[in-house]
Amino acid sequence: MTQVTDHGGGVRSIRVPIPDNPLGHTLVYLADTDAGPVLVDTGWDDPASWDTLVRGITACGTAVEEIHGVVVTHHHPDHHGLSGRVREASGAWIAMHAADAAIVRRTRETRPEGWFGYMAAKLEASGAPEEHIAPLRGTHRSVRRTGTLPGFSPALPDREIVPGELLPLPGRRLRAIWTPGHTPGHVCLHLEETHPDRLPGNGRLFSGDHLLPRITPHIGLYEDPDTHGRPVHANGIEGLGEIADPLGDYLDSLERVGRLGPAEVLPAHQHAFTDAPSRVAELLAHHEERLTGLLALLSVPLTPWQLAERMEWNRPWADIPHGSRNIAVSEAEAHIRRLVKLGRAEAVTDSDPVTYVAV
Ligand SMILES: [Zn+2]
Ligand SMILES: [Zn+2]
């Protein structure tokens, strides 16, 4: 079965599998430039995924050794996982936004037990019950014995993607659009060229995980183990400046991409689609509805954990596995952060762990 789709105008996508993940695959894009082919994202670091990527690049009429550069939409392992191997095989540069490059640097510098300690502290502050936190402390001990864990050594990028600027790609016009929210340094890449089928609209947009046709990306809190579970500030300095509001960032980024009005969206999962403004409007309405629903739940004071338990997920809370509950509670916290920022909810004085209530 062919894993390659030709999108026209010197752009193809390769379906690179993500092992044991319901998302199924990452769409890695290959764009021709006068300096050689460039990849947008690379896929999960797994032998079968690597083989699919290499075969796909060959099916595009080139070879992995010929790759000129790798543009990474964000640091997540289903996007950035194979970047290091591509660079080793080809000598390509890897470009990433500074905010996600900082996360890559921290991930490389933080020992796995540091991450588990951070997660445990953060969950405790969110009001998670001890029986949920205990296994993390267990992992923490077993990791200390083995000292390693996969995915903790992502490749350091060599170039910075600067928001608003054209990437230095001869023969193409690809502009970086900073779209924080899913991660602090997420970028979309706007191909400012006429659509190959002359579809109406403003070029094409490689949207990463920011804008997907049928799912909404996870919006949590920007994780930073250096803060030991205390809030990350927007300017990165603890205790100074504004507290980061990833959901607010995401909603602003959505509006930015909607205003751009691309003729076609080339996302990193699922499939390409047109009419970005309608999809943006749908997502904005979805989040507004969700915030209103949460406000109703916060008529009584709740910890982020208690709110997550009461929120609507794709299955009952009792059936949500351990790892996904961690993601759910960070999503609940991102929504609380937004409501507090909007003045629609507030922390209850002297509550420990902190509870929040609608105002
Ligand atoms: Zn992602
Ligand atoms: Zn993804």
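Checked against the criteria, Thr33 counts as over 30 Å from Thr355 (Cβ atoms), surrounded by fewer than 19 Cβ atoms within 10 Å (Cβ to Cβ) and outside the structural domain of Leu307 (by TED's automatic domain parsing). Residue count for the stretch 256-309 under the criterion of being under 17 Å from Ala328 (Cβ atoms) and aliphatic (A, V, I, L, M): the result is 7.
Residue check: Gly258 meets all listed conditions (1) out of contact with any helix residue (DSSP H, G or I) (no Cβ under 6 Å at 6 or more places or on another chain); (2) in the same structural domain as Pro196 (by TED's automatic domain parsing); (3) at negative phi but one, namely (1).
Here the helices (runs of 4 or more DSSP H) wholly within the stretch 276-359 that include at least 1 residues being among the β-branched types (Val, Ile, Thr) and in contact (Cβ under 8 Å) with a residue 40 or more places away in the chain are 276-297, 322-341.
The one condition from (1) away from ligand 1 (no atom under 16 Å from the Cβ); (2) in a helix (DSSP H, G or I); (3) in contact with a Ser or Thr (Cβ under 9 Å, 6 or more places away or on another chain) that Ala128 does not meet is (2). Could you tell me whether any residue of the stretch 197-212 is among the acidic types (Asp, Glu) and surrounded by 21 or more Cβ atoms within 10 Å (Cβ to Cβ)? Yes, the stretch 197-212 contains a residue that is among the acidic types (Asp, Glu) and surrounded by 21 or more Cβ atoms within 10 Å (Cβ to Cβ).
Would you mind stating whether Gly248 is of a type in the set (Gly, Ala, Ser) and either under 24 Å from Pro184 (Cβ atoms) or modelled with pLDDT under 95 (or both)? It is true that Gly248 is of a type in the set (Gly, Ala, Ser) and either under 24 Å from Pro184 (Cβ atoms) or modelled with pLDDT under 95 (or both). Put simply, of Ile336, Ile243 the only residue that is farther than 23 Å from Val40 by Cα, modelled with pLDDT of 95 or more and either under 20 Å from the mean Cα position of the chain (by Cα) or among the charged types (D, E, K, R) (or both) is Ile336.
Being buried (at least 20 other Cβ atoms within 10 Å of the Cβ) and among the polar types (S, T, N, Q) narrows it down to one of Thr26, Thr58, so name that one.
Criteria check complete, one pass: Thr26.
Restricting attention to the stretch 58-106, the residues being of a type in the set (A, V, I, L, M, F, W, C), within 24 Å of Gln270 (Cα to Cα) and at pLDDT below 95 number 0.
The values are calculated or read from the model by the stated rules, or taken from the named source; none is laboratory data. Everything numeric here is computed off the predicted structure, so don't read it as measured data. Virtual Cβ from ideal backbone geometry, glycine too; neighbours counted across all protein chains shown.
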